[in-house]
């Protein structure tokens, strides 16, 4: 399985931190019934569904090399982060992520921009690292690009009830003055543009890549499992607005269906990257391998 994908004048590299069974499908997707799961089990298993009917998720970042910049999209889970509700994330100390960066030929100093599709814990974790008891930017030369709408929403929620991931992985970036708060349709150079995709979170964005914006797209948590492409009305329980996310998902899938655009999913099982094809009244992501 290749971790590198070349499209247009871009190189895209996957940095995998964890992959495996995550949550029971019926728990993760409240609109899913046992009957519908049974109808789809034959094609989901074994890559996207384990024998206990748990959805298999990949947790990963993408590094995009354009002719001008090196961009890291979604900084994954991170080390030393207190995440007591997620044992596999809690106070991690492994070197898997940093070894993945090294395998891509990268040092942390080489990253020009860190872009987050949204600000959930598994998409901001490596924004910071623990140094002498303080959270400091992991990528010391990078500008961190956040949707202003997304940032302001979570900053407000954090003021009401502290959210660990905001406290240890977002606010230190703001305090270090490394953040850029941008509109949901922001352009970064001539190869990167944001696409508003609300629902999972209020300021969630997809990232469109290439000179035309059509070479590749990174939908973040617009969809977590291939089952949500097949049945776009199925929203995950982590969505802030499941109705909006369902509408956004179908619109996104219609937009990229039967195009050449490479869809680099955040959580689909490996190889995680493919092209959107129509499947009856739903869709599938036809995977490619490098």
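The values are calculated or read from the model by the stated rules, or taken from the named source; none is laboratory data. This is a predicted model, so every value here is computed, not measured. Positions of Cβ are generated from backbone atoms using ideal geometry, with glycine treated the same way; all protein chains shown enter the neighbour counts.
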Q: Take residue 27 and decide whether it is surrounded by fewer than 15 Cβ atoms within 10 Å (Cβ to Cβ), free of Cβ contacts under 8 Å to residues at least 60 places away in the same chain and not in a loop (DSSP other than H, G, I, E, B).
A: no
**Q.** Scope segment 213-226; condition surrounded by 22 or more Cβ atoms within 10 Å (Cβ to Cβ) and either in a strand (DSSP E or B) or modelled with pLDDT under 95 (or both); matching residues
**A.** 216, 217, 218
Q. Which numbered condition trips up residue 68, out of (1) modelled with pLDDT of 95 or more; (2) over 21 Å from residue 168 (Cα atoms)?
A. (1)
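Of 250, 237, 284, which residue is closer than 19 Å to residue 39 by Cα, modelled with pLDDT of 95 or more, over 14 Å from the mean Cα position of the chain (by Cα) and surrounded by fewer than 20 Cβ atoms within 10 Å (Cβ to Cβ)?
Values: 250 fails: closer than 19 Å to residue 39 by Cα; 237 fails: closer than 19 Å to residue 39 by Cα.
Only one candidate passes the filter, namely 284.
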Q) So which residues in segment 140-184 are in contact with a helix residue (DSSP H, G or I) (Cβ under 8 Å, 6 or more places away or on another chain) and more than 18 Å from residue 121 (Cβ to Cβ), if there are any at all? A) 140, 141, 181, 182, 183, 184
Q. What residue, among those in segment 50-63 that are free of Cβ contacts under 8 Å to residues at least 60 places away in the same chain and in contact with a strand residue (DSSP E or B) (Cβ under 8 Å, 6 or more places away or on another chain), is surrounded by the fewest Cβ atoms within 10 Å (Cβ to Cβ)?
A. 52
Q) Quick one: is residue 210 under 22 Å from residue 288 (Cα atoms) and either surrounded by fewer than 24 Cβ atoms within 10 Å (Cβ to Cβ) or in contact with a strand residue (DSSP E or B) (Cβ under 7 Å, 6 or more places away or on another chain) (or both)? A) yes
Q: Give the residues of segment 124-135 that are surrounded by fewer than 16 Cβ atoms within 10 Å (Cβ to Cβ) and either in contact with a helix residue (DSSP H, G or I) (Cβ under 9 Å, 6 or more places away or on another chain) or at pLDDT below 95 (or both), sorted by residue number.
A: 130, 134
Q: Among the residues of segment 1-24, write down those that are outside any strand (DSSP E or B) and either exposed (fewer than 15 other Cβ atoms within 10 Å of the Cβ) or at pLDDT 95 or above (or both).
A: 1, 2, 9
Q. Regarding residue 229, is this residue crowded, with 23+ Cβ neighbours inside 10 Å, at pLDDT 95 or above and part of a helix (DSSP H, G or I)?
A. yes
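Okay, residues lined up against (1) surrounded by 21 or more Cβ atoms within 10 Å (Cβ to Cβ); (2) assigned to a helix (DSSP H, G or I):
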{"position": "91", "(1), (2)": "no, no"}
{"position": "114", "(1), (2)": "yes, no"}
{"position": "149", "(1), (2)": "no, yes"}
{"position": "155", "(1), (2)": "no, yes"}
{"position": "168", "(1), (2)": "yes, yes"}
{"position": "177", "(1), (2)": "no, no"}
{"position": "181", "(1), (2)": "no, no"}
{"position": "198", "(1), (2)": "yes, no"}
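Checking the condition closer than 17 Å to residue 175 by Cβ and touching a residue at least 12 places away in the same chain (Cβ under 8 Å), which residue from 106, 119 passes?
119
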Q.
Can you go through 172, 164, 140 and tell me which one is exposed (fewer than 15 other Cβ atoms within 10 Å of the Cβ) and within 22 Å of residue 201 (Cα to Cα)?
A. 164
Q | Residue check for residue 100: farther than 23 Å from residue 263 by Cβ, surrounded by 14 or more Cβ atoms within 10 Å (Cβ to Cβ) and within 18 Å of the chain's Cα centre (by Cα) | A | no
